[in-house]
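Derivation of every value follows stated rules applied to the coordinates shown; laboratory data play no part. Just so you know, these numbers come straight off a predicted model, no measurement behind them. Backbone-built Cβ (ideal geometry, glycine too); neighbour counts: all protein chains shown.
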Amino acid sequence: NEEYELLRNTVLEQGRVLGDDVLKVDSFLNHQLDVRVLNAIGKLFYQQFGALEIDKILTAEVSGIAIAAIAAQYFQVPVVFAKKTLSKNLDPDTWEGSVYSYTKQQTYQIRVAKRYLGKGEKILILDDFLANGQAIKGMHQILEESEAVLMGTGVVIEKSFQAGKEMLRDQGVEVHSLIKVTSLEGQQIQLREK
Ligand code: G4P
Ligand code: NA
Ligand code: NA
């Protein structure tokens, strides 16, 4: 459809490959934001998950926020984003999840204040990238701690050749990806078309 075409063409035209496994999309998603493309992303998530009864969208700062906020206009629910740093702005009483960063080779905590996530709340998780699946795993951990209910998990770009998709599937979690990148070898962006 129209939204998928816009997203797909933007990824192919503006995406830049670093090395063999990193796709830079900072002209529209990770640094500069193209709101028209973000809006298409929001609509695509709504097309996929709109039939579910959802109370809240959960994402992680920084890059998840823009996507989740625009999608939330269609779902008409609040967005809560997990924080990566402790600050005065964060209640001391939090749910925590741990995220292993392959690039930094260390584990860090992501946190959501208990007042914004509670038992029985129906949650849709949205994020920008699925690579090793660590961020999503950390958000699932937060849901488990809070006894909120996972209704679905969606990402904008999945790198199908990395371990995250399978790792999450092994844990019983299906991730719906808007764009599936099957290879970045030779600086070529290969997509699995739907
Ligand atoms: P993962 O396990 O969460 O899948 O990611 P990983 O640790 O492999 O990657 C760390 C960060 O890099 C994550 O963002 C992830 O979204 C992002 N990332 C992974 N692969 C790519 C890629 O090919 N292209 C781009 N543009 N990003 C990628 P983060 O640290 O949570 O950063 P942010 O949300 O603050 O931007
Ligand atoms: Na991210
Ligand atoms: Na990112």
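Numbers below:
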quantity: Hz values of 3J(HN,Hα) by residue in the range 161-166 - Karplus curve (6.51, -1.76, 1.60), Gly and Pro given as x; calculated: 8, 9, 7, x, 4, 5
quantity: Above-threshold pairs, the threshold being 26 Å between Cα atoms, out of Lys84/Lys104; Lys119/Lys180; Lys114/Lys180; Lys24/Lys88; Lys43/Lys88; Lys24/Lys137; calculated: Lys119/Lys180; Lys114/Lys180; Lys24/Lys88; Lys43/Lys88
quantity: ³J(HN,Hα), Karplus 6.51/-1.76/1.60, whole Hz, each residue of the range 105-118, x for Gly, Pro; calculated: 6, 8, 9, 10, 9, 10, 9, 10, 4, 4, 5, 9, 8, x
quantity: D (Stokes-Einstein, µm²/s), Kirkwood Cα radius, the range 2-191, 1.567 mPa s at 4 °C; calculated: 77 µm²/s
quantity: Computed magnitude of the charge dipole of the range 2-191 (debye, nearest 20; Cβ of K, R +1, Cβ of D, E -1); calculated: 380 debye
quantity: Bridge type composition, the chain - antiparallel percent by DSSP, nearest 5; calculated: 40 percent
quantity: Burial ranking of peptide ranges 23-30, 56-63 (average Cβ count within 10 Å, highest at the top); calculated: 56-63, 23-30
quantity: Relative contact order for the chain, counting Cα pairs under 8 Å that sit 6 or more residues apart, in percent; calculated: 19 percent
quantity: Pairwise centroid distance, computed over Cα atoms, of the range 103-141 with the range 1-73, Å; calculated: 17 Å
quantity: Other-chain or far-sequence residues with amide H under 5 Å of Ala82's (modelled H); calculated: Thr59, Ala60, Glu61
